[in-house]
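Chemist: Sharing a structure, written as structure tokens. Questions coming.
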Amino acid sequence: MRKVIGIGETILDIIFKNEQPTAAVPGGSVFNGIVSLGRLGTDVTMITETGNDRVGQTIKNFMTDNGVNTDHVCMYDDGRTAISLAYLNERNDAEYTFYKDYPKARLDVRWPDIQSDDIVIMGSYFVLNPVLRSKVKEFLTYARSRKAFIYYDINFRSTHADEAQTLRSTILENFDFADIVRGSTEDFTNMFGISDPLTTYKQEVSAHCPNLLCTDADGDIRLFTPTLIKNYKVQKIQTVSTIGAGDNFNAGIVYGILQGNILRTDLPTLSDSQWKSIIQHGISLATEVCQSFHNSISKDFAQRYKQNKKQD
């Protein structure tokens, strides 16, 4: 059975609507998708760090309860688990304020066993952070040597836009490691000052990674490969919260890759219908998570979804 390994931050999201706290849920860009995959019965592991405090223990227990292997979670004593305040606007998109107290020694963990075509999901500022970069690059180099399938979700927020030029070489290096890059039009605007996905693909991505998925809030999904340029429609829905939408889109893409038993070597020859099937999984999971205050798909939805796929 192929494994999925996520590397990224974990955090407690306290969600506000109309200036009032509405929910408090464990989160993190890669973390949210890993939890959804765990609920879908995938063999999942998370490489991350939390404080050895009540919040950190709550997050670790949450991971265990959702089938996520925690053998590679660093729990530090010199610091506290990160917390974010997520304020939902009228479109139910979130604006974040972060509170972080990390120790000097970061990500002090051993790497998990990786076999050929196990899937690694990386993303967010976590894999760009200069403080963590040497450890992250060590892991990615190891994963590539083991012939892992690497999926990179850029998730580059506007709060880091002023660092874009400084981080450019690291961003491109991550593209080099990746088999699929996923980003939003907002990510690319923050990162490269380019809003057009095709221009981004041609000028910034294609020389480093041949496969790009571009999302645009509730707009179409755009796919760019050496042989395909396609748009996939997204149905408009009434949202409760868009927190975790992109993270669960990623989870759906990975789930579709596993369901289709698609290997790294299959990517250059995937047909339009195969990509469409993979992307539909991403749309389905993202749609579901937008209809609650939770960062991941519910366990009930996961059970129904698995059952429906067995019947297809």
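Chemist: Hey, could you check segment 195-248 for residues that are under 18 Å from the mean Cα position of the chain (by Cα) and among the charged types (D, E, K, R) and say which is nearest to residue 93 (Cα to Cα)?
Modeler: 218
Chemist: Now a separate question. Are any of the residues in segment 4-18 touching an Asp or Glu at 6+ places or on another chain (Cβ under 6 Å) and either part of a strand (DSSP E or B) or not acidic (Asp, Glu) (or both)?
Modeler: no
Chemist: Related question: Go through segment 226-256 and report how many residues are crowded, with 19+ Cβ neighbours inside 10 Å and either within 18 Å of residue 276 (Cα to Cα) or not aliphatic (A, V, I, L, M) (or both).
Modeler: 14
Per-residue answers, yes or no, for (1) under 22 Å from residue 4 (Cβ atoms); (2) modelled with pLDDT under 95; (3) not β-branched (Val, Ile, Thr):
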position: 65; (1), (2), (3): yes, no, yes
position: 71; (1), (2), (3): yes, no, yes
position: 87; (1), (2), (3): no, yes, yes
position: 101; (1), (2), (3): no, yes, yes
position: 108; (1), (2), (3): no, yes, yes
position: 112; (1), (2), (3): yes, no, yes
position: 121; (1), (2), (3): yes, no, no
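Chemist: Now, a different point. What number of residues in segment 103-161 are without any contact (Cβ under 8 Å) to a residue 12 or more places away in the chain and within 18 Å of residue 258 (Cα to Cα)?
Modeler: Qualifying residue count, segment 103-161: 0.
Each row is one residue, and each column tells you yes or no for (1) among the basic types (Lys, Arg); (2) farther than 26 Å from residue 167 by Cα.
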| position | (1), (2) |
| --- | --- |
| 88 | no, yes |
| 95 | no, no |
| 99 | no, no |
| 104 | yes, no |
| 111 | no, no |
| 116 | no, yes |
| 129 | no, no |
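Chemist: Wholly within segment 65-137, which strands (runs of 3 or more DSSP E) include no fewer than the required count, namely at least 2 residues that are over 18 Å from the mean Cα position of the chain (by Cα) and of a type outside the set (Val, Ile, Thr)?
Modeler: By residue number, 73-76, 80-88, 94-101.
Chemist: Any idea which of (1) without any contact (Cβ under 8 Å) to a residue 12 or more places away in the chain; (2) in contact with a Leu (Cβ under 6 Å, 6 or more places away or on another chain) is the one residue 55 doesn't satisfy?
Modeler: Of (1) without any contact (Cβ under 8 Å) to a residue 12 or more places away in the chain; (2) in contact with a Leu (Cβ under 6 Å, 6 or more places away or on another chain), only one is false for residue 55: (1).
Chemist: Hey, does segment 155-168 have a residue that's assigned to a loop (DSSP other than H, G, I, E, B), buried (at least 19 other Cβ atoms within 10 Å of the Cβ) and modelled with pLDDT under 95?
Modeler: Yes, segment 155-168 contains a residue that is assigned to a loop (DSSP other than H, G, I, E, B), buried (at least 19 other Cβ atoms within 10 Å of the Cβ) and modelled with pLDDT under 95.
Chemist: Based on this model, can you work out whether residue 288 counts as crowded, with 18+ Cβ neighbours inside 10 Å, touching a Phe, Trp or Tyr at 6+ places or on another chain (Cβ under 7 Å), among the charged types (D, E, K, R) and touching a residue at least 40 places away in the same chain (Cβ under 8 Å)?
Modeler: yes
Chemist: Just name the residue that is nearest to residue 49 (Cα to Cα) out of those in segment 61-73 that are crowded, with 16+ Cβ neighbours inside 10 Å and not hydroxyl-bearing (Ser, Thr, Tyr).
Modeler: 73
Chemist: Now, a different point. Would you point out the residue of segment 258-284, among those that are touching a residue at least 60 places away in the same chain (Cβ under 8 Å) and touching an Asp or Glu at 6+ places or on another chain (Cβ under 9 Å), that is surrounded by the fewest Cβ atoms within 10 Å (Cβ to Cβ)?
Modeler: 263
Chemist: On to the next question. Restricting the search to segment 19-55, which residues are under 25 Å from residue 260 (Cβ atoms), part of a strand (DSSP E or B) and hydrophobic (A, V, I, L, M, F, W, C)?
Modeler: Hits for segment 19-55 are 44, 46.
Chemist: I'd like the residue in segment 114-145 that is over 22 Å from residue 187 (Cα atoms), out of contact with any strand residue (DSSP E or B) (no Cβ under 8 Å at 6 or more places or on another chain) and not aromatic (Phe, Trp, Tyr) and, out of all such residues, is surrounded by the most Cβ atoms within 10 Å (Cβ to Cβ).
Modeler: 135
The values are calculated or read from the model by the stated rules, or taken from the named source; none is laboratory data. If you're wondering where the values come from, they're calculated on a predicted model, not measured in any experiment. Heads up, the Cβs are rebuilt from the backbone with ideal geometry, glycines too, and the neighbour counts pull from every protein chain shown.
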